[in-house]
Every structure is written in C-alpha cells, then in structure tokens.
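Notes to accompany the following structure.
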Amino acid sequence: MQYKSIFNYLVILFITMPAISYSQLSGANNGNPPNIKWKELSNESARIIFPEGLDSKAARVADVIDYLNKNNRTSIGKAKGRIDIILQNQLTEANGFVTAAPFRSEFFTTAPQRSFLGTQDWLDMLSIHEYRHVMQLQFAKQGITKAGSILLGETGWIAMAFMAIPFWFTEGDAVTQETLLSGGGRGRSGSFMAEYRAMHKAGVKHPYEKIRNQSYKSILPGRYRMGYLFSIYGRNKYGDDFWKNVSRDAVRYKGVVWPFSQSLRKRTGKNVHKFYKMMMDSIYNQWDKDNQVLNWRNENEVLVNKPIPKNKISYNLNPKFMDENIIVLHSGRDRIPGFYILDKQGNEKKLFDLGYQDSYFNYNKGKMVWTQSKTDIRWKNKTFSELYIYDFKTKTKKKLTSKTKYFSPDINLDGTKILLVNSDELMQYSIEILDSKTGKIIKSIPNPDNIFLSSPKWLSDDEIIAIAQHNQKNALMRIEIQTGKMIPVIDYTQNLILRPVVNNNYVFFSGDFTDVRNIFAVDLSSKKTFKVTNSRVLASHPDVSKDGKYLLYAEQQIRGYDIKKIELNKENWRPVTIEEPIDRYKGLAKLINAEGGNILNKIPKHNYTVKDYSHIKDAINFHSWFPTIQSLNNDFGYGISFHSTNLLSTLNLSLTPAINVNGDKKIGTRITWNKYFPKIHLGYDIASIQYEKDKKYTHLLQNYYFTGIEIPLNFSKGATNRGINFGINAGFQKYNSLEKGNFGKPEDNFVLSSTINFFNERVKAYKQLNPRFGQDLSIRFKGKNNEISLNNNYSVSLDGKFYFPGISRTHTLVLSGHIHNDNSKFYSIYSGNWIRGVTNLDYKTNRVMRAEYGFPIIYPDIAIGPIAFIKRIRANMFFDYGFEDKGINEISSLGVDLISDMGVFNFGSVFTLPLGVRLSYINRGANKEFNIQLLLFQTAL
C-alpha cells in the first residue's frame, strides 16, 4: 500500500511541477550586480552570506536564528540542519522567502515604510517568520516526503512537502510564530482580519475551498490570514502539539489520499472543510457578541465614490483633498493602479496609469509627488525607488531622481520643497529635503542613532513630523530640521502608527490602538490621543481638508475600499488610553506562555569571524535529479538529468545521461554563467550512436561542442513592461567511427544560431487575459554547414504578436504572424505559432497569419471535490490562415478554445492550471475536417 501511494503521488508531482517551479524556485537566476563584495559568517544553525558593510546586521540575524533553533522547536519537532541565508540589499521590495534547489533563504533588507509585521526590527521579524519555514521543511523530510527527496533531490522534497501540507498552513504557522515570539507580528495588527471582518459585516461565509484557491470575483482573506486562524484555533482547542502531530502524519502520507485533511479528521473527527466551518462559526459568534456592546456608527458619514457594483471589485486608496475634487489612487481586478480625480458626484476621471507603485503619494499647491519602482536594466535583484512630480497646471509629469531609494514623499504648502526618506543599501536611514524643480538635495536631517524613520510630514519650515521605530516600538516624533532633535508626540508603543497627516494643532493617523484599525488624532499641545472613526472593518489613509472641517479616509468593505468623508466634530471623538500589549485573538496569551513570549530582548550577542564568501567552494551543488524524455539520434530516448545551482544563482550546471530505444547512448552537459553582464552558455555532448548508410550499419562517436552568450535587457517603466534579449550560439559537431573499416559517416558540421526578442507590453490587471496593448517580436536563425561559411543550409523564423483592447477591459484582440523558411537538411526551428487544430502541418516553409479574440465567460467558483476549483471559464475565438509546402498549399482553421482556469490540489492560491478543449474547422482545399483537441496550458495534447 505504501509503495502504491508513493507511485500515485509521484505521478501527481510531475503534473504539478510547473506550480512548484513558479512558486518556490522563482528566485533562481535573478542576478546580482558583479561589483558586490560578498562576505559570510556562521554558527551551527546558519551561515549568513551578505554584502560588505552589513556585518552587524548579519550577526544579529545569526543570533536570532541560533536562538530559535535551540529554544523554540517545541511545536515543530527536533529535526535540525544548517541553513544558508542570503541578505539581498539591492532591492527596494520588503520581502523574504525560503526555497529549495538549492535549499536556502533570502532576506530583502529594505524595511517597509508602512510596516505589516509590527513595530519590531524588520530583520528580526523576517528571521522569526522565514526560519519557521526552514523548520517546516526540515520537519517534513520523513516518510514518503523523504522518499521523494531521495528519488528527485530537493525538488522532490519540496514538492512532496507542499503537496502534503497546504500553503495556507505553512504561512499561518509562520505568522503565529512571529506573533508569539515578539511584541508585534501580523496577529496583533488591527488590519490583519479586515477581509474576514468585511465578510462578517456583509453576512457572508465563503466556503473553505474558495478561500484556499482564491477567486477572480471576490475579495478574500489570503493564505496568511486563514492559516493564522487555523493555527491559533487548533492549538488553543487541542493543545500545543496538535499541528505538529497533524503535519507528521501528513508528510508521511498516512491515509494516502489528502493526507493533511485525513490526519486532521483522525484527531478531531472533522476533515479540513468541517474544521474550517467550526472555526469560523466560533469566530463569528465572538464578533457578534462584541458588536452587541460596541457602537460602530460614524456620525455624518458620506460616501464619496459611487457605490461599487456587486459584480465589481474596486480599490480606492489614499484620498487627497484637491480644491472641490478629490485625488485617489484607484485600481481594480480589471484595471491597473492609476491616479483618478473624483468630483462631488463621485464621477471619476483618470489622470494616468502607474503600474508598480506604493499607494503613498501627497498633494499640495497644484502639485503631486510619489515614488515608482524601477528594475535595473540588467540585474533583476537590483531595483530603485525614484521620485516623480505632476504639475496640474501644466499637466506635465517629471521624474526628479534616478537610481535612488526614496520613499514616502511629502510636498510643502507652497510646492517648492519635498520631504522624503532615503533608505540606502547599508540600511542607513535619513530624511532629506529636495528641491521640487530639480530634485537636488537641499538638506539632510541628522539621524546620528540611525533610527528607522517613515512617513515624514511638514509641520513648519523648521519642524517635521515622522514615525520613528526603535527598540521594538514606534513613536510619533516632532523632529527639528536643523539639529535632528526628536521630541515624542506619542511615546514609544508596540501599537502601530501609520500615515500621519498634519492639520493645525492635530496630527491624524491610522493606528492599531484598538482591535480594528481606525483613524486617530493627537493634540500637539496636550499630547492627548483621540479615536476619530469607528469602523468595524478597517479605516485608513486619512486626509484633512485645509480648513480642518472634514476628514477623508478609505474604509474596507466586501467589494474593496470606499472613500468616506465625515465632518470633524471633536465632541464625537473618544479619548484613548494606550494599553499594551494588545492581543487581537482570544486565547493568544495562553499560547504566548507556552512558547515563552517575546524573545527579541533575550537573545545573547555573539562575536563572529567575518570572512570573504568563496564562490569556488559553493560552485558545484547538485541538488535535484529527475527523469527526462528527449530525442536521441532521431529516436525516442530517456535519461536522468542532474542539476546543480550555486547559492547566488550565478552558476547553473546540468548533466544528463540518456539512452534511446536502439541502444544509442549520450551524456550531455550544459553550463550557464550569470555573474557578469552577458550570460555565458557552454555545453558538451558525447554520444555513441548507430549510423546507417547503404543498408550498412556502424557505430559512431558523436561529439558536440557548444558555446553562446545572452544579453537580457530590461527597460520596464511605470505601467509598461519593456525589454530586449540578444543571444548567439555556436556549436561544432564531429563524428568518429568506433569500428574498423570504412562504412562512411556524416560530415562534421558547424552550427550557428542567433535570437533577438523584443517585448513592449502594458502591465496586466489580475483578471485580464493579456496585455491591453503590446508587441512581442522575435527573429531566430540557425545555420548548419560542413564548413565554417554558411551556404543554403539554414533555417530562419520571424514571429510577431500584437495586443489590442477588446470591448471590455478583460477582453483582448491579438493579431500575430509567422514566417518560417527552412532549407536545413538536419536542423529546424520550432515555433508554436502554427495553424491551430492542424496536427500534420509541413513546417519546412510556411507563412501564417492569426487572429484571436479572448474573453471570460463566467467566474463560477465551483469546487470539484478536493482536487480542483474552477475559478474562471473563458473563450478564445480564432481564425488562422497560411500556406505550407513552400507556400503552395493554402490552409486555414476557424475555431474556439474553451478553457477552465483552475486551482489544483494545494496550489490554488499561487498557481492556476488552464485546462480546456479546442474545437476547430480545418480547410485544406479539397480536404476539410473538424477537430477536437484537449488543451493543457493552452497547448494541444
């Protein structure tokens, strides 16, 4: 029975391998600039690899990891092993991950301006959260999951682990640990349960399958939130070892089918669906009791935007007063973020799209400032945050800085100076004042203690307001511009303070001083704090009219965010007594005691020896191996591919021995070196093959030598993804006889190939099938000759694809063309741009023109048991027309693809599987036929 289960799950593994690659191996080959001097330090729990200058930060990470490893394994098990952690300091994104192939963790060191992990140090919280993932994977290496790691290496290990354990549980368990082992964490955030509270307010209970797989048509709590509730509820109800025991049986695949749910049912009598319902009934009942004693009504509340339709999702964020109108950052599931102006009636007018951007911007005196993310032209692991300004009078947009790491800009009352945060690559923080015309630095405000600062706002020409984060707490500070002296307005607290706005003698901000995030105000003179709004879901992004009479804010509801306006009446404000720590979930205190509580002030400091990181030492690191199917000497072959990747993903190597049905044998090697500006490719194949000539057979030794370079360039900017890739490869193929006698052999030959790809596409919104506007062009050439000079033995292919808007924002018209000339006797270029529905097209010489119109039909959100969840059914109508057989024979196809986008197994929240059917009518002159084909990833099977 156990061997049968191993076979069944290995079959599923190969089907779902694209999901594993997408979600967990996405860090590979991103590339770091070659001028970084990498260092390392280590202890028995971790090796930290970091850029020069981050010694103290790396040492702190090592101390935290070592403490966790030795003191906080009670709820996860004792499986141990050292982990490699890379500190990435070139990125402006605040993130981190744990992955395999190779097994490592990466921390992005730039801390977020608006913290989502609490008031604690960014790297401390990353260490707790990400190391929990390390523990989970180490714990999972037992039973059938361990067998997967033996059979397929690290790829098999992580794939079997994630097939057994849902993504929501791994993330929820990590959120639980970051909450229990610190004074913050998402579990204490007043915004973390906002989507669930919005569902509760609307009287909606979405089923487990829908939350697990997510949806195109509904705003749902993500896997972090659902997993956290599961984790806390289960440990409170069944004990601290509960999830450890559930997980142990799951990774061992006891019960064979749906092991996590079966393990849960074994211990509770309920599968995961019924357990979720029981949990949510308990939570909703508690919120019902809370609502009976709380008055959630806001006096004189006015909806600014038009009501969000039932079939729409709309995000209206960071509203700003602008004379008689309001500026808002608006987006939706069918539109990318952009700046919009709302008039008094709630009618919207778009200024321009933004694409990748933080929701933070500010407006004053007819000018608006914000920052936009930009990726380095070559290195994906290097990004910038650049400052922009828009002048409403001249209607011009201008980039003020380039290759900077600027955040949270604020423009002064007369529109001449900009205040912002500079967060550099060595984690040094400063507030700078820039000229709004030139972007040049006027003043850098002293910050001798390197306190983390965020969201600065002008108070006067001599003072500013900013949020300071220090010693695991945050405070609202008045800061003198000349001296940098800080005076607390709200003293250091573990309750989050976010997005301050200054108006007269008050600072308004969104904060977590109660169970639900709301808008608060603090009197600059008395330093008394008041609760201004009373949302039962979430109120944030405050702004106050210049006359101080009205407050704008964004309030979450079940279809997105509404913009609300209320009249400011101090008689309705409620005084706030700051209490801490605040536990958002009943029973959290019990679990804190079991885990030992906040560890961040308990961790001993150690001295480490810092040394240069050795690229050579880690150059060869075989981590995964799996079966492959390939063509060998024009026959079906099979083999095993062994893969090696170094920790910094600069050197990739594969070694593939293979054999075909005739006994021909080959060993192939490929190397990619990605450290410098061009990628360098090298390869060598050696094969023993059977050769037939004049009905006589002999055995030959075939040697193939390969080299090439590739230059990927990224020019993406704002709402446009743009780039160009160049590649050129050369190979030499030589034959030697392995037998006595002269039976003849193929001629030695030289192979040259080159590729140019260009893309220019608008950023896609979540529901959009394709970019609404864009162009993809490629030219490919391959030539083969027994001499170095090319003759007629070549193959060339030109492809173009052009995207245009359809009737609706989720519809797309795509026109494409393909020209293919193949005069090669031995070698051809494959292109997927053929005539659809045709299974026997002569591709030696053809011309193809294609037109297609794609659109969604319905968003059913239907579960097919625990296997799949249908999120969307869409259609792609097409007409293809072309010629084959050197342009002589005319051929066309007319048809439609009906595709179901599904979440499958445990991967529905990170990966969508397109599965469908193609119906096509083929016209080949006298021959006409109707075809039905199955589609997987839009490829006919």
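Here the Karplus curve 6.51 cos²θ - 1.76 cosθ + 1.60, taken at θ = phi - 60°, turns the phi angles of the stretch 494-505 into couplings of 8, 8, 5, 10, 9, 6, x, 9, 9, 8, 6, 9 Hz, with x standing for Gly and Pro. Beta bridges per DSSP, both residues in the chain: antiparallel share near 95 percent. Solvent-accessible surface of the chain, taken per residue with a 1.4 Å probe and all protein chains present: 43 Å². Quick check on the stretch 325-449: take the gyration tensor over C-alpha atoms, sort the square-rooted eigenvalues as a ≥ b ≥ c, and tell me if it's rounded (a/c under 1.5), prolate or oblate. Here the stretch 325-449 falls in the oblate category. In this simple spin-label model, placing a label point 7 Å from the Cα along the Cα-to-Cβ direction at both Leu936 and Tyr766 gives a separation of 2.9 nm. Residues within the reach of a label modelled at Asn291 (point 7 angstrom out along Cα to beta-carbon, backbone nitrogen below 16 Å), restricted to the stretch 549-564, are 556-559. The Cα trace of the stretch 193-320 gives Rg and Dmax of 18.3, 58 Å, the first to one decimal, the second as a whole number.
Ordering Leu419, Gly53, Gly683 by the projection of their Cα atoms onto the charge dipole of the chain, which places +1 on the Cβ of Lys and Arg and -1 on the Cβ of Asp and Glu, puts Gly683 at the extreme positive end.
Loop-located chymotrypsin sites (Phe, Trp or Tyr not before Pro) in the stretch 525-592 (DSSP state other than H, G, I, E, B) with a sparse environment of at most 14 neighbouring Cβ atoms within 10 Å are absent. For the chain, carbon and sulfur atoms together expose 54% of the accessible surface, with a 1.4 angstrom probe and every protein chain in place.
At full extension, Tyr550 and Lys274 could sit 94.7 nm farther apart than now, given 0.36 nm per residue minus the alpha carbon distance. Axis angle, to the nearest 10 degrees, between helix 242-251 and the longest C-alpha principal axis of the chain: 10 degrees.
Placing +1 on each Lys and Arg Cβ and -1 on each Asp and Glu Cβ, with no other charges, gives the chain a dipole about its Cα centre of roughly 1400 debye. In plain terms, the C-alpha convex hull of the chain casts an average shadow of 42.2 nm² when viewed from every direction. Summing Lys and Arg as +1 and Asp and Glu as -1 over all other residues whose Cβ lies under 13 Å from the Cβ of Asn757 gives a net charge of -1.
Couplings 3J(HN,Hα) of the stretch 280-285, computed from phi: 5, 4, 5, 5, 4, 4 Hz, in residue order, whole Hz [Karplus 6.51 cos²θ - 1.76 cosθ + 1.60, θ = phi - 60°; x for Gly and Pro]. For Glu425, no residue 5 or more places off, or on another chain, has a built amide H under 5 Å of its own.
Put the Cα centre of the stretch 353-379 next to the Cα centre of the stretch 432-510 and the gap is 20 Å. Amide H neighbours of Arg378 under 5 Å, at least 5 residues apart or on other chains, H built in the peptide plane: list them. Here the answer is Asn714, since their amide H atoms fall under 5 Å of that of Arg378. Within the stretch 311-397, the chymotrypsin sites (Phe, Trp or Tyr not before Pro) that combine a DSSP coil assignment with at most 16 other C-beta atoms in a 10 angstrom radius are Phe392. Treating the angle as unsigned and between 0 and 90°, give the value, to the nearest 10°, between the Cα long axis of helix 143-152 and the longest Cα principal axis of the chain. Around 50 degrees separate the two axes. Centroid-to-centroid, using Cα positions, the stretch 653-685 and the stretch 539-555 are 61 Å apart. A cut-off of 5 Å between modelled amide H atoms, ignoring neighbours fewer than 5 places along the same chain, links Tyr315 with Ser331, Gly332, Tyr561. For Asn725 and Glu567, the FRET efficiency from 1/(1 + (r/R0)^6), where r spans their Cβ atoms and R0 equals 45 Å, is about 0.20.
Can you say what percent of the DSSP beta bridges in the stretch 335-428, counting only those with both residues inside, are antiparallel? Round to 5. Intermediate values should be presented prior to the final figure.
Numbers: 26 of 27 bridges.
Taking every DSSP beta bridge with both residues in the stretch 335-428, the antiparallel ones total about 95 percent.
Computed from phi, the 3J(HN,Hα) profile of the stretch 109-122 under the Karplus parametrisation 6.51, -1.76, 1.60 (θ = phi - 60°) reads 7, 6, 6, x, 5, 10, 4, 10, 9, x, 8, 7, 4, 4 Hz, with x in place of Gly and Pro.
What the Cβ-Cβ distance of Lys393 and Lys306 gives, at R0 = 30 Å and to the nearest 0.05, is a FRET efficiency of 0.60.
Under the combined filter of DSSP loop state and at most 15 neighbouring Cβ atoms within 10 Å, the stretch 881-941 retains these trypsin sites (Lys or Arg not before Pro): Lys886. Our estimate of slack between Ile442 and Lys602, defined as 0.36 nm per intervening residue step minus the Cα-Cα distance, is 53.4 nm. How tilted is helix 167-180 with respect to the longest principal axis of the chain? Cα atoms for both, answer in degrees (0 to 90, nearest 10). Helix 167-180 sits at roughly 30 degrees to that axis.
The values are calculated or read from the model by the stated rules, or taken from the named source; none is laboratory data. These numbers come from a predicted model, not from an experiment. Glycine gets a Cβ as well: all are built from the backbone with ideal geometry, and neighbour counts include every protein chain shown. These area figures cover heavy atoms from the full protein model, side chains too; ligands, DNA and RNA do not enter into them. Shrake-Rupley method; radii C 1.70, N 1.55, O 1.52, S 1.80 Å.
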